[in-house]
Each structure stands twice: as structure tokens, then as C-alpha cells.
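Reading through the C-alpha cells given below for one structure.
Just so you know, all these numbers are worked out from the coordinates, no wet-lab data involved. None of these values were measured; they are calculated from a predicted model. In this analysis, Cβ positions are derived from the backbone assuming ideal geometry, glycine residues included, and neighbour counts consider all displayed protein chains.
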Amino acid sequence: LVVAREIGPFEFEILATLINQPGDAYGLTIRDRIKERSGHEPSVGMIYTALGRLERKGLVTSWWGEKTEERGGRRKRLYKIEASGELAARRFGARFAAFGASAPAMGQVI
Amino acid sequence: MNEAPKVRSLAAIRLELEELSREVEEFARDLIDSGHANAPTYAAASATIRAATTIQAHVRVGAHIRAEAHVIQAEPEQSSLPSVPPSWSSFVLACVASKGRAEELLGDAHAEYRQMIETLGAERARWWYRVYATKLVARVLPGAIMRVLLLHKVIGMLGF
């Protein structure tokens, strides 16, 4: 089974967050960072779904952290971006930067 | 219901407001007394003194009703409810989440619930948790249905 390495805008946001947040990233912190940076607050459900997709694509890896009392004795699932994830995020960023550069010209044409 | 925190917070606000207005008033009076204030500065200092004295009078005569209402809203409710989230919501969430995700989902939800208790109070936090869990269930339910359908298909293929 060939898994597409293409990513969408929301997956890009998660990957970009993981690039800047190595080591301690999990569902809630990822959501908070996205909120800080972009101003919109994605639902945690969206983040879990996207993280699962990114993991299946091999762009991120995850492992279990320690059990903590504040989580009701449950473990955190921590996420780390892989080299392939960084590459996918940079490609996505570059593609949209190119669009951004041509936007004023497009505006003039319209 | 324990009333003490509300009274303390309100008293603290009143005191702070009064002190602040006195400081501002003193500063403005010093400015006028120094004799160096030009016309606009003098006018501004006079207006500041009037505003400061008005604030002090309002604080004294009890025009603090708005501040009090604000404090009552902002104060977390004191409640004897446990710091464990509603069990039914957790149960439903655990049922629909995939095996590998349940611990993560419930752990994050629990951690956030604990934070909500501090900001909203226990009773509101419980309602917040119910809504939160419902939204999560709506998100993960399609995946759960797909898993069940897949299982049925596999069982059918095996001829059971």
C-alpha cells in the first residue's frame, strides 16, 4: 500500500508546530500552539484525527509518556516530527509562498 | 456556599482603586503646586483631580455594584463536587475511541477538565466536559462505525 505524502493546510499547521516544539508535544499543547500562532482554535478531535493521519503517512512518530495524576493516571502520547515530515512541511510552505508572491500580480490582473 | 472569597476580592479591588486614585490625585496636585505646569497640563491635572475624587467618592458610597457583579462572575464556584469528570461522558468516549487512542483522549480530556475546574468552578466544568466529550465523540464516531463494519465484513468473509 502506497501512502500519499501530500499534506493539507491543517496537517501543515501541525507539522510546523512540531518543528518548533520538539520533545514535549501532545494533543493539548499542539492545539494551544496553533491557537497562539494562527489565532484560531482547532478542536482537539481534529488534532487527534490529523495526528493519526500524519502517523500513518510516516511523517510523525509517537510514543507514550509517563502516567500523571493530573491526567487521571493516564499516559500522554507524545509526538515527534520525522525528517520526511519536515520535508513535506517545507515543500508545502514553499508552494504557498510562491502563491503569496504572485498574489499582488494576480490582483492587478483581476 | 462560602462567601468569603467574594468579599475579599471586592475589598481588595476597592482598596486598590482607592489607593490608585489617591496616588494619581497627589501626583496631579504636586504638578499644579510646582508652578511649572503650562495651561494644557494644568487643565489635565485639574481634570485628573476631579476624576480621582469622584472615584474615591463612588468607592465610598457604594457605587461599586458593577465591580461586585464582575467579581461574582469571575469567582470560581466553590463546590463540593469531585475533581473526577462525569463518568458517563468518559465511558461513552472510551467506547467510541479506538483502542490505541482511548488513553490519550481521556487523559487530555481529564487534564483539561482539571484546568477548567480552576477557571470555571466544578459545576460549570462538568458541563464543559460533557460538551467537550460530545464533540470528541462526534469526531471519532465515524471511525468507530467503520471499524465495526469492517469487523462484520471480515466475519462474513470467514463464513461465521
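Quick rundown of the values:
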{"quantity": "Residue-averaged beta-carbon neighbours from other chains (10 angstrom radius) around B:94-104", "calculated": "3"}
{"quantity": "Cα gyration tensor, segment A:24-83 - rounded (a/c under 1.5), prolate or oblate", "calculated": "oblate"}
{"quantity": "Violating pairs (Cα-Cα greater than 31 angstrom) within the set A:K35/B:K153; A:K35/B:K99; A:K80/B:K153; A:K67/B:K153", "calculated": "A:K35/B:K153; A:K80/B:K153; A:K67/B:K153"}
{"quantity": "Averaged over A:39-48, number of beta-carbon atoms from partner chains that fall within 10 Å", "calculated": "4"}
{"quantity": "Rounded, prolate or oblate (a/c below 1.5 giving rounded, otherwise prolate when a/b exceeds b/c) for segment B:108-160 by Cα gyration tensor", "calculated": "prolate"}
{"quantity": "Average partner coverage of A:25-32, which counts Cβ from other chains inside 10 Å", "calculated": "3"}
{"quantity": "Label point distance in nm, B:Y42-B:L151, each placed 7 Å from Cα along Cα→Cβ", "calculated": "8.7"}
{"quantity": "Per-residue ³J(HN,Hα) for segment B:88-99, Karplus 6.51 cos²θ - 1.76 cosθ + 1.60, θ = phi - 60°, Hz, x for Gly and Pro", "calculated": "5, 4, 5, 5, 5, 4, 5, 5, 8, 6, 5, 4"}
{"quantity": "Amide hydrogen neighbours beyond the local backbone of A:V60, cut-off 5 Å, H modeled", "calculated": "A:E55, A:E82"}
